[in-house]
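In what follows, a single structure is set out as structure tokens and then discussed.
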Amino acid sequence: MKRLGTFAFAAAMAALQPARAQSPGDGMRFEISVPADVRSDPVTGRVYVMIAPSPAPEPFLRIGRTGIPFFGRDIERLAPGQAAVIDSSDLGTPFASLRDVPPGDYWVQGFVNIYSEFRRADGHVVWMHDDQWEGQRWNRSPGNLYSDVQRVSIDPSRRETIGLEAVHVIPPISIPPDTEFVRRFRFESPTLTEFWGRPIYLGATVLLPRGYDGDAESYPVVYEQGHFSLDAPMGFDYSSRFRAEWMRSDFPRMLVVTFQHPNPYFDDSYAVNSVNVGPYGDAIMQELIPEIERRFRVISEPWARVLTGGSTGGWEALALQIFHPEFFGGAWAYCPDPVDFHDVEQINVYEDANAFYKVVAGRRVPTPNTREIDGRIRLTSRQRNHFELVNGTRGRSGEQLDIWSAVFGPLGDDGYFQPLFDKFTGEMDPEVARYWIDNYDLRYYLERNWEEVGPHLVGKLHVYTGTMDNFYLNNATRMLEEWLETTSDPYYAGYFEYGEGVGHCYSGRVSDADRLREIAEYVMGGRP
């Protein structure tokens with residue numbers, strides 16, 4: 001967990017009082033510009049200023065949910081050399097406004113996040129960040145711009161303008177070369193490119209078994225899901241322990257494959273079709289997996305295709321198995337994102353009137369969002385959502401609650417998603433809540449469709465989570481288990497394991513190598 005150093009973190013969180021209005025602010029202001037010799041085209045996107053207690057690491061690399069203070073503002077067609085202003089009227093986190101920054105000496109840096117125009121197939125035109133294969137992280141995305149770090153004395157009561165020129169360009173991503181055991185590829189998806197109106201790419205990183213290039217055998221495949229990464233599956237390149245196990249002569253031979261499917265909202269699509277994110281479910285099932293099976297010698301049979309993953313990947317492993325019960329042969333899901341919308345990081349989508357507060361015995365009690373494993377609250381729902389707002393408006397933060405709204409929610413009139421709740425006030429929209437539940441609540445889907453899908457899921461669901469998951473994901477997992485235990489004709493015959501007192505992301509009491517041995521034994525038991 002990152003700390004604020006010299007900043008008073010608790011006071012900063014208490015000071016978070018955003019205002020909707022964006023009239024010119026008083027006191028200190030920052031002017032962020034892009035010289036014409038750095039970029040000659042106008043910029044539509046978002047500018048930021050970061051305020052740090054020290055110059056290194058560079059402030060723009062220290063952004064996070066409990067990272068250093070920063071402030072943001074949208075810009076439209078900012079001309080070369082023209083200044084974008086950030087002042088006390090702009091929302092920040094953890095300080096709501098520049099006027100809340102304690103006087104003192106700091107190190108500051110400006111940043112420019114460039115948006116692109118997407119003319120989508122649904123007729124909407126939206127401006128969003130076009131992923132450059134960095135995994136939708138604006139502070140690491142190639143082509144984005146940043147200034148030198150500058151030391152300044154800040155006094156919010158003093159009228160002063162500080163200029164920051166974004167003269168540095170983040171270079172392109174370097175994709176690691178193929179090796180004997182690890183292969184990577186990507187391709188432009190026809191389905192997703194048509195939807196977004198710009199080239200959209202899918203990719204995969206493949207871990208091959210020993211001896212793959214020297215034989216003609218075909219192998220089972222484990223699809224390991226998770227956040228965007230170009231690293232080898234299972235930590236093969238940096239875990240000497242796993243690598244040694246993988247190379248053993250008695251280790252089961254299989255392929256392990258990770259998907260890459262970043263999109264304009266997030267580093268991952270959640271592997272389902274969505275009116276906001278696009279037909280990623282179709283693209284993965286009809287383009288990416290067939291491409292993997294064309295390029296590599298895998299057994300193209302349901303019993304030989306299994307799924308695993310943690311957190312986002314845990315939800316995806318379950319969703320792909322549940323929505324395609326006859327295509328995949330089993331799922332091992334770790335600390336999955338909310339599988340029952342009665343608890344979405346403590347927001348009850350079914351019942352809550354406000355995402356930021358609950359009424360308890362007549363009192364308005366803040367809704368927590370993130371906790372330490374000893375129960376201490378790290379962030380409230382309100383604080384977490386305001387952090388996302390500073391990262392990006394209209395759901396363009398690249399953060400967790402925004403991607404859930406994009407994947408699970410309906411389309412808004414402006415072409416962006418219709419929010420589940422107001423990110424300033426927390427007021428819930430019951431119609432949007434119903435849309436979430438009807439379309440993406442996995443427990444509710446199973447409840448409605450068990451007669452049809454249940455026979456194809458018997459023994460296939462294996463779920464693990466810590467009882468003190470930092471994002472309260474164990475609560476929804478428990479609800480799913482409780483419902484599955486009521487099933488009959490057929491009984492689900494799956495498996496749930498809880499790590500007592502363990503946080504995010506518990507994956508059981510065995511190593512990755514031993515889990516693959518377990519999966520291999522399961523797969524061979526299902527072989528015709």
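The values are calculated or read from the model by the stated rules, or taken from the named source; none is laboratory data. Because the structure is a prediction, the values reported are computed rather than measured. Neighbour counts run over all protein chains shown; Cβ positions are idealised from the backbone, glycine included.
Restricted to region 419-439, and to residues there that are closer than 19 Å to Ser381 by Cβ, surrounded by fewer than 19 Cβ atoms within 10 Å (Cβ to Cβ) and without any contact (Cβ under 8 Å) to a residue 60 or more places away in the chain, the residue that is farthest from the chain's Cα centre (by Cα) is Pro430.
Scanning region 275-300 for residues that are of a type in the set (Phe, Trp, Tyr) and either buried (at least 23 other Cβ atoms within 10 Å of the Cβ) or within 20 Å of the chain's Cα centre (by Cα) (or both) turns up just one, Tyr280.
Taken over region 180-206, the criterion of being surrounded by 13 or more Cβ atoms within 10 Å (Cβ to Cβ) and free of Cβ contacts under 8 Å to residues at least 12 places away in the same chain is satisfied by Thr193 alone.
Total residues in region 137-167 satisfying the condition of being more than 23 Å from the chain's Cα centre (by Cα) and in contact (Cβ under 8 Å) with a residue 60 or more places away in the chain: the figure is 18. Just a yes or no: is a residue in region 223-245 crowded, with 20+ Cβ neighbours inside 10 Å and over 28 Å from the mean Cα position of the chain (by Cα)? No, the conditions are met nowhere in region 223-245.
Taken over region 379-396, the criterion of being of a type outside the set (Lys, Arg) and assigned to a helix (DSSP H, G or I) is satisfied by Ser381, Gln383, Asn385, His386, Phe387, Glu388, Leu389, Val390, Asn391.
Picking from residues in region 5-50 that are among the small types (Gly, Ala, Ser) and modelled with pLDDT of 90 or more, the one that is farthest from Ile154 (Cα to Cα) is Ser40. If the condition is being out of contact with any helix residue (DSSP H, G or I) (no Cβ under 7 Å at 6 or more places or on another chain) and surrounded by fewer than 20 Cβ atoms within 10 Å (Cβ to Cβ), then region 136-156 contributes Arg137, Arg140, Pro142, Gly143, Asp148, Gln150, Arg151, Val152, Ser153, Ile154, Asp155.
State whether one or more residues within region 356-379 are under 24 Å from Asp441 (Cβ atoms), modelled with pLDDT of 95 or more and among the acidic types (Asp, Glu). Taking every residue of region 356-379 in turn, none turns out to be under 24 Å from Asp441 (Cβ atoms), modelled with pLDDT of 95 or more and among the acidic types (Asp, Glu). Scanning region 344-378 for residues that are hydrophobic (A, V, I, L, M, F, W, C), over 25 Å from Ile437 (Cβ atoms) and assigned to a strand (DSSP E or B) returns a single hit, Ile377. In the condition set (1) assigned to a strand (DSSP E or B); (2) farther than 30 Å from His129 by Cα; (3) more than 23 Å from the chain's Cα centre (by Cα), Pro209 is compliant with all but (1). Restrict the check to region 301-321 and report whether at least one residue is crowded, with 24+ Cβ neighbours inside 10 Å, among the β-branched types (Val, Ile, Thr) and over 20 Å from the mean Cα position of the chain (by Cα). Yes, that holds for at least one residue.
Restricting region 58-78 to residues that are basic (Lys, Arg) and at pLDDT 95 or above, which is surrounded by the fewest Cβ atoms within 10 Å (Cβ to Cβ)?
Arg77
Residue count for region 207-228 satisfying the condition of being farther than 30 Å from Pro336 by Cα, of a type in the set (Gly, Ala, Ser) and either in contact (Cβ under 8 Å) with a residue 24 or more places away in the chain or not assigned by TED's automatic domain parsing to the domain that holds Ala513 (or both): 3. Can you find a residue in region 79-96 that is in a loop (DSSP other than H, G, I, E, B), surrounded by 15 or more Cβ atoms within 10 Å (Cβ to Cβ) and without any contact (Cβ under 8 Å) to a residue 40 or more places away in the chain? No, every residue in region 79-96 fails to be in a loop (DSSP other than H, G, I, E, B), surrounded by 15 or more Cβ atoms within 10 Å (Cβ to Cβ) and without any contact (Cβ under 8 Å) to a residue 40 or more places away in the chain. Restricting attention to region 97-113, the residues being in a helix (DSSP H, G or I) and of a type outside the set (Asp, Glu) number 2. Being more than 22 Å from Gln136 (Cβ to Cβ), in the same structural domain as Glu134 (by TED's automatic domain parsing) and surrounded by 18 or more Cβ atoms within 10 Å (Cβ to Cβ) is the requirement here; does Val108 meet it? Answer is yes for this residue.
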